[in-house]
Structure formats: structure tokens, C-alpha cells
1. Please check which bits of region 67-97 a label hung off LEU58 would reach, taking the label as a point 7 Å along Cα-to-C-beta and the cut-off as backbone N under 13 Å.
2. Once you place label points 7 Å from the Cα toward the Cβ at ARG72 and VAL85, how far apart are they in nm?
3. What are the ³J(HN,Hα) values, in whole Hz, obtained from phi via the Karplus relation 6.51 cos²θ - 1.76 cosθ + 1.60 with θ = phi - 60°, for each residue of region 88-102 in sequence order, with x given for Gly and Pro?
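Bear in mind these aren't lab numbers, they're just calculated from the coordinates by the rules spelled out. Keep in mind that what you see is a predicted model, and the values were worked out from it rather than measured. Reconstructed Cβ throughout: ideal geometry from the backbone, glycine too, with neighbour counts over all protein chains shown.
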Amino acid sequence: MTCATGRSRSSNSVCKVSTKKPKLTNPIETLTNNGVFVASVRGSQFDGNYDDRTPKSLQTVTAAYVFPGRGRVYVLYRYIGAQYVDIANQLQLPGYSLLGAGFTFDINAQAESERLR
């Protein structure tokens, strides 16, 4: 089993997942007019707001069955939490879920076994 960092863990250890969303501290807002730079404003009015386009939580669960020497099949469930789309935290998109499935096939292992026959 692997942690979110990709490092392996033993069966008796626990992966720690942070659900704390980073807050802005003294952000800089860039103002433009038709794509032309106008000014940069260091916005104390946005201090303490949540970062825009960053979900509040993100969880992924994957189940797989491995066929030794052939490949694997898997099912994936992912939840992407609510997120703000602006630095002022005025407009929030709701969270949503994704469900996926797939398979992999190890062509090299199959070709190697055919060659050895």
C-alpha cells in the first residue's frame, strides 16, 4: 500500500492526510485591462481568504486486481471538494465525484513468454 507521497508503508503504519486548506497571507492581486497589465495591488483585504481554484479536500480510493505477468484491472473513485474561483472568496463551486475504471496489459511479459517457448 502507498501513501499519498508515493512512499510504501507497512501494514501497521498510518498515512497522515492533511485536510487543512492553506489561507492567503498578504497576497498580490494583478489588475489587467483587456490583457494589458495595469497594476499590482498587495491586498490586505484578502488576508485570511482561501486560495482560489484549490479544492478544500481531495480524496482518492483505488482498488486493483493484478494478474501476475499479464497486467491489472482497477476501479478509481475520486472526490474533489468545493473550491472558490476568485481570490475574494465570493463564488464557490460545489464539490464533485469521479468514478473511473481501466486495465493495463503487460505486452513485454507476453512477448517474452512467447519467445521462450
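1. Backbone N within reach: 78-83.
2. Calculated label separation equals 3.6 nm.
3. 7, 6, 8, 10, 10, 8, x, x, 8, 10, 10, 10, x, 8, x
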